[in-house]
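Participant: Right, I'll just put the structure down here and ask away after.
The values are calculated or read from the model by the stated rules, or taken from the named source; none is laboratory data. This one's a predicted model, so the numbers in the text were calculated from it and none came from an experiment. For neighbour counting, all protein chains shown are included, and Cβ atoms are generated from backbone atoms with ideal geometry for every residue, glycine included. Ligands, DNA and RNA are stripped out before the accessible areas are found, and what is left, the full protein with its side chains, is counted by its heavy atoms. Shrake-Rupley method; radii C 1.70, N 1.55, O 1.52, S 1.80 Å.
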Amino acid sequence: MKLHEYQSKAIFAKYGIPIPKGSVVANAEEARQVAADIGQKVVIKAQVLVGGRGKAGGIRLAATPDEAEKVADRILTMNLKGLPVRKVLVDQAVNIAREVYLGVVVDRAARCATMMASSTGGVDIEEVARATPEKIVRASIDPTLGLLEFQARELAFAIGMDKALVREFAVIAMELYRAFVEMDASLAEINPLVVTAENKLIAVDGKIVLDDSALYRHLDLEQLRDIDEETPAEGKARK
């Protein structure tokens, strides 16, 4: 079961992972109000369970509340890869100095969870693996010990993280793994994890995929399912 970006980032926030200030809305007037409350440039992001939203025009910047209203109205009329946009996320825009990737996935071959990091963030990790596999570093996680701090630090150094941010990066990595385990996820990723111009780390996008077989233990997470995004075949199979 895939979670929307706004749902994934809300979960990240519960684990202390920094995210931008923002809110999900269903109409342009609400987008204007959120932008006014934020009080600075915002980014309007279509909430659909597909990749490539930016290239398809589903992610736009807005400098003022009036512009946010116009942009949200435009995005809410779009179809992205066959899916209608019913909600948009209005987030505070951040000053991006650098983008990296951080994620944890079930590694069937290694029979454990594996954390991956890359100095190339903001693009599909599959594309990075295909074109420049050397830019992805991995740490296999012992399920009895969990992700250890030294492993998280090694990942930070391996992708060239500023020394001043290594500890902060390690904390985010360890909390991402904790969320992954506690939610019975098969994937939890931050892409990109941004280094801001102020030298802070912030998760500006996120993705979580939950293991359907474990949802009986997470009835609260089951309620997050967006049945409008399911194909008829997926819905029939689930039932």
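Participant: Go ahead and run the numbers for FRET between R153 and A36, Cβ-Cβ distance against an R0 of 30 Å, rounding to 0.05.
Facilitator: According to the calculation, E is roughly 0.15.
Participant: Treat every Asp and Glu Cβ in the chain as -1 and every Lys and Arg Cβ as +1, leave all other atoms uncharged, and give the resulting dipole magnitude about the Cα centre to the nearest 20 debye.
Facilitator: 260
Participant: Quick check: pseudo-label points 7 Å beyond the Cα along Cα→Cβ at L165 and M78, how many nm apart are they?
Facilitator: About 2.7 nm, to one decimal.
Participant: Still on this model: Are there trypsin sites (Lys or Arg not before Pro) in region 46-80 that DSSP puts in a loop and that have at most 13 other Cβ atoms within 10 Å, and which ones? Show your work: numbers first, answer last.
Facilitator: Numbers: sites: R53, K55, R60, K70, R74; in loops: R53, K55.
Here the sparse-neighbourhood loop sites are K55.
Participant: Still on this model: Apply the Karplus curve 6.51 cos²θ - 1.76 cosθ + 1.60, θ = phi - 60°, to the phi angles in region 207-218 and return the couplings in whole Hz, x for Gly and Pro.
Facilitator: Each residue's phi maps through the Karplus curve to give 8, 10, 10, 9, 6, 4, 5, 9, 5, 5, 8, 9 Hz.
Participant: Then there is this: What does the convex hull of the alpha-carbon atoms of the chain project to on average, in nm²?
Facilitator: That works out to 13.4 nm², a quarter of the Cα hull's surface.
Participant: Dipole size in debye (nearest 20) for region 14-84 around its Cα centre, Lys and Arg Cβ +1, Asp and Glu Cβ -1?
Facilitator: The dipole magnitude comes to about 420 debye.
Participant: Considering the Cα trace of region 146-200, what is its radius of gyration and what is Dmax, both in angstroms?
Facilitator: Cα radius of gyration and Dmax of region 146-200 are 11.7, 35 Å respectively.
Participant: To continue, here is another question. Which one, M174, I141, I159, projects farthest toward the positive side of the charge dipole computed for the chain from Cβ point charges (K/R +1, D/E -1)?
Facilitator: I159
Participant: Here's a follow-up. Once every DSSP H run of n ≥ 4 in the chain is given -39500 (n - 2.57) and the sum is divided by its residues, what mean residue ellipticity at 222 nm do you get, rounded to the nearest 500 deg cm²/dmol?
Facilitator: -9500 deg cm²/dmol
Participant: Next up: Carbon and sulfur: what percent of region 3-117's accessible surface (1.4 Å probe)?
Facilitator: Summing carbon and sulfur atoms, their accessible area is 49 percent of the total for region 3-117.
Participant: Along its three principal axes, how long is region 59-117 when you only count alpha carbons? Whole Å, largest extent first please.
Facilitator: Projected onto the principal axes, the Cα atoms of region 59-117 cover 50, 33, 13 Å.
Participant: In what order, largest first, do V209, V171 sit by accessible area if the probe radius is 1.4 Å?
Facilitator: Heavy-atom accessible area, descending, gives V171, V209.
Participant: On the accessible surface of region 146-208, probed at 1.4 Å, how many percent belong to carbon and sulfur atoms?
Facilitator: 54
Participant: Please work out how much length the chain gains when fully extended from V123 to E234, using 0.36 nm per residue of separation minus the C-alpha to C-alpha distance, in nm with one decimal.
Facilitator: Numbers: separation 111, 0.36 × 111 = 39.96 nm, distance 2.70 nm.
Full-extension gain reported as 37.3 nm.
Participant: Here is a follow-up. Going by Cα centres, region 160-224 and region 92-149 are how many Å apart?
Facilitator: 11
Participant: Could you give the accessible area per residue of region 104-239, probe 1.4 Å, as a whole number in Å²?
Facilitator: 55
Participant: Any idea how far apart A131 and D107 come out in nm if each label point goes 7 Å out from Cα toward Cβ?
Facilitator: The two pseudo-label positions are separated by 2.4 nm.
Participant: Applying the Karplus parametrisation 6.51 cos²θ - 1.76 cosθ + 1.60 with θ = phi - 60° to the phi angles of region 88-97, what ³J(HN,Hα) value in whole Hz is obtained for each residue in order, glycine and proline being reported as x?
Facilitator: 10, 9, 9, 10, 4, 6, 10, 7, 8, 9
Participant: Sorted by average packing, counted as other Cβ atoms within 10 angstrom per residue and highest first, what order do 39-50, 122-133, 20-31 take?
Facilitator: Packing order, densest peptide first, comes out as 39-50, 20-31, 122-133.
Participant: Given labels modelled 7 Å from the Cα in the Cβ direction, how far is it in nm from D184 to D66?
Facilitator: 5.2
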